[in-house]
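One structure is given below, encoded as structure tokens.
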């Protein structure tokens, strides 16, 4: 494999367990990674974007065959210094497959990035996307997951830290098109300095999606007086046999908590650091088994 | 000796309340409308000038109307929300008078009998006797009855037909009129500014507390009517009042339009509650604008029920200008077959230590669509602002729809904002529990729905809570 020049490297102990192909979709170059049916990958596939200072335009298609399972980690290091990045991704999870997809974005804080990620999750399949975003000067991220088969499960966790003059905007939609779908969107972020952080979420249950349960939760810690935070938690429900809800919270660190630390001799800065780690810690634990990714994010928090 | 049976009937009637006997016929009843022959449909600068002349308005008001008309011609229809495609301005009658008595009659006995009968059916004169401090009743474009308790008049409270207020208190009106909702705010504010007619002017002087509510009732009677009443309320520093607005129209199967405007100014330390029970006919476009500016320590409460109209676009707005000011928005929307209830709230936190609370409940049934649309903004100056938003939606069948579109923007790191929304259907266990005790399914469902909306309804005076419950019952029964 790898007969062509890739803008990323792939790490996995057994590269025979999946297929990477270069293809064209609507005359656009794209890369397709396929996990064959019934293949259970125990080790994560590591997709590491190569260092570059050139503009980047990339499309990636991920397909999991029936009954397969995999964990894929997509890593944008701060060596990715492209002035502009256009990234498109489509995930297709066939029936009974199970995908855990982790995005670590620590790209240079000078890049302007637009990304569009979509997933199509078939009957009894599961797709959980985690996005940890710390990079980019400006980001316009759109992520849409569709539960297109019965009992499909779609979950998304977006964790972002926006500092200095970063402007990060996340738009995430979960669409339930078939019966008995389930899933949650979690959007959690920290805004500080002069940053902007926007969470736009939507749970959309179609008339054909009876019996589905969809939730959306947005939480933002707003740490500096010059930040701008936006939260738009939406619901679009077209039938009655559903369980759906959303919540959004925007707040600063709790004075009482800071006082509690202070009373025990912990300085305010350290107390803040501990509280922030606690705020994002729960989300970080979700990827604890992937040590490299876990350590990268832990350091950034 | 009196017949004990007669006594008990009277007692029962009283305990049921003034509005308990309301039925669909009460609202759908229409009076003859020969007077409409004198009025044309459509809007033009000539019509705007004619309205002003008919009311013998001062020059500034005519100028303001003409400017608003210009905005109306330039501002496009909103490119969001429910479709307004079928709203044909050429088919709407923008100004019509059923009786010619500026300021309205001061006694129900003087009101033309057929109009009085309509308001009798709606229970307004009876409510005036029992629970209200004053009443304004508008029929088509003009107020036909207005009254206020003498004691309040003596304390300096002004409760007038808006047309009369322009004539008798021009300085006060000019100072506040369309300053809270400027005519260039949106298409329908502009339309309103051009053709407004009737409505209420309420001024409560400093420190005066009006204990009983004041009510205005707006009734459209003729086919293809448009109503554009203007409500201007000034609650001076430390004053308190409660105003109730009701409205209805018969159904003709042809479009009607309501684009009223409510402006409220709440002074320092003042408290004001605006309650409305909206029940326009289901061929009405209800595109109303309601907004309040609240000064330091002031409290503004919006309590609303939207049951009628084919299309509603209504988002009461509070501008928390003064420090320590507060706004509560409590609302119910019921979207039945063919209805789109696009309602919500807008709150702008400008002052320090301001707080707001939004509680919205919606019910969708028979293919109806209910939408919560919110806009909450906390600007840099609003230090320590707090806001809490709760939206609950019940969808009663598989073909109905509920959408929630809240927008929260925070420019201040000392703010605390919480938003929660839930959507679901009636709990089957609750229905089972009630039916196992011999209650029919339909009644059980109605009881659960009444319980669902109770946190809002209980904020209304008892008589109006009964009216709201009755309207919900009528919707549940499809009557």
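The values are calculated or read from the model by the stated rules, or taken from the named source; none is laboratory data. Since this is a predicted model, take the numbers as computed values, not measurements. Don't worry about glycine lacking a Cβ; one is built from the backbone with ideal geometry, like all the others, and counts go over all protein chains shown.
Taking the range B:230-256 as the search range and keeping residues that are within 24 Å of residue B:163 (Cβ to Cβ) and in contact with a helix residue (DSSP H, G or I) (Cβ under 7 Å, 6 or more places away or on another chain), which one is surrounded by the fewest Cβ atoms within 10 Å (Cβ to Cβ)?
Among them, the one singled out is B:234.
Return yes or no: is residue A:250 within 7 Å of chain B (Cβ to nearest Cβ) and farther than 30 Å from residue B:364 by Cβ?
Judged against the criteria, residue A:250 is not a match.
Just to be sure before I move on: is residue B:376 more than 7 Å from chain A (Cβ to nearest Cβ), at negative phi and surrounded by 17 or more Cβ atoms within 10 Å (Cβ to Cβ) in the structure I sent?
In short, yes.
Can you find a residue in the range B:412-424 that is in contact (Cβ under 8 Å) with a residue 60 or more places away in the chain and in contact with a helix residue (DSSP H, G or I) (Cβ under 7 Å, 6 or more places away or on another chain)?
no
Counting only residues that are surrounded by 18 or more Cβ atoms within 10 Å (Cβ to Cβ) and more than 7 Å from chain A (Cβ to nearest Cβ), which one in the range B:385-411 is farthest from residue B:472 (Cα to Cα)?
B:385
Could you tell me whether any residue of the range A:202-209 is crowded, with 19+ Cβ neighbours inside 10 Å, at the interface with another protein chain (Cβ under 9 Å from one of its Cβ atoms) and closer than 21 Å to residue B:415 by Cα?
No - not one qualifying residue is present in the range A:202-209.
Does the range A:29-36 contain any residue that is touching a strand residue (DSSP E or B) at 6+ places or on another chain (Cβ under 8 Å), part of a loop (DSSP other than H, G, I, E, B), on the phi > 0 side of the Ramachandran plot and surrounded by fewer than 19 Cβ atoms within 10 Å (Cβ to Cβ)?
Within the range A:29-36 (the criterion being touching a strand residue (DSSP E or B) at 6+ places or on another chain (Cβ under 8 Å), part of a loop (DSSP other than H, G, I, E, B), on the phi > 0 side of the Ramachandran plot and surrounded by fewer than 19 Cβ atoms within 10 Å (Cβ to Cβ)), the answer is no, since none of the residues qualifies.
Give just the number: which of (1) within 11 Å of chain B (Cβ to nearest Cβ); (2) in contact with a helix residue (DSSP H, G or I) (Cβ under 7 Å, 6 or more places away or on another chain); (3) not in a strand (DSSP E or B) does residue A:225 not satisfy?
That leaves (2) as the condition not met.
Looking at the structure I just gave you, is residue A:235 at the interface with chain B (Cβ under 9 Å from one of its Cβ atoms) and free of Cβ contacts under 8 Å to residues at least 60 places away in the same chain?
yes
I'd like to know if the range B:431-438 contains one or more residues that are surrounded by 14 or more Cβ atoms within 10 Å (Cβ to Cβ) and facing another protein chain (nearest Cβ under 7 Å).
Scanning the range B:431-438 turns up no residue that is surrounded by 14 or more Cβ atoms within 10 Å (Cβ to Cβ) and facing another protein chain (nearest Cβ under 7 Å).
Tell me, yes or no, whether the range B:228-241 has at least one residue that is modelled with pLDDT under 95, farther than 28 Å from residue B:40 by Cα, in the same structural domain as residue B:298 (by TED's automatic domain parsing) and in contact with a strand residue (DSSP E or B) (Cβ under 8 Å, 6 or more places away or on another chain).
no
Would you mind stating whether residue A:161 is touching a residue at least 60 places away in the same chain (Cβ under 8 Å) and over 14 Å from residue A:212 (Cβ atoms)?
Here the answer is yes, as residue A:161 does meet what is asked.
Are any of the residues in the range A:197-210 closer than 18 Å to residue A:279 by Cβ and at pLDDT 95 or above?
Within the range A:197-210 (the criterion being closer than 18 Å to residue A:279 by Cβ and at pLDDT 95 or above), the answer is yes, since at least one residue qualifies.
Output the strands (runs of 3 or more DSSP E) that fall wholly within the range B:277-337 and possess 2 or more residues being under 30 Å from residue B:380 (Cα atoms), or say none.
In the range B:277-337, the matching strands (runs of 3 or more DSSP E) lie at B:289-294, B:299-306, B:311-314, B:317-320, B:326-335.
Could you tell me which numbered condition residue B:353 fails, if it satisfies all but one of (1) more than 13 Å from chain A (Cβ to nearest Cβ); (2) modelled with pLDDT under 95; (3) part of a loop (DSSP other than H, G, I, E, B)?
(2)
Does the range A:244-280 hold any residues that are surrounded by 13 or more Cβ atoms within 10 Å (Cβ to Cβ), assigned to a helix (DSSP H, G or I) and in contact (Cβ under 8 Å) with a residue 12 or more places away in the chain, and which are they?
A:257, A:258, A:261, A:271, A:272, A:274, A:275, A:276, A:279, A:280
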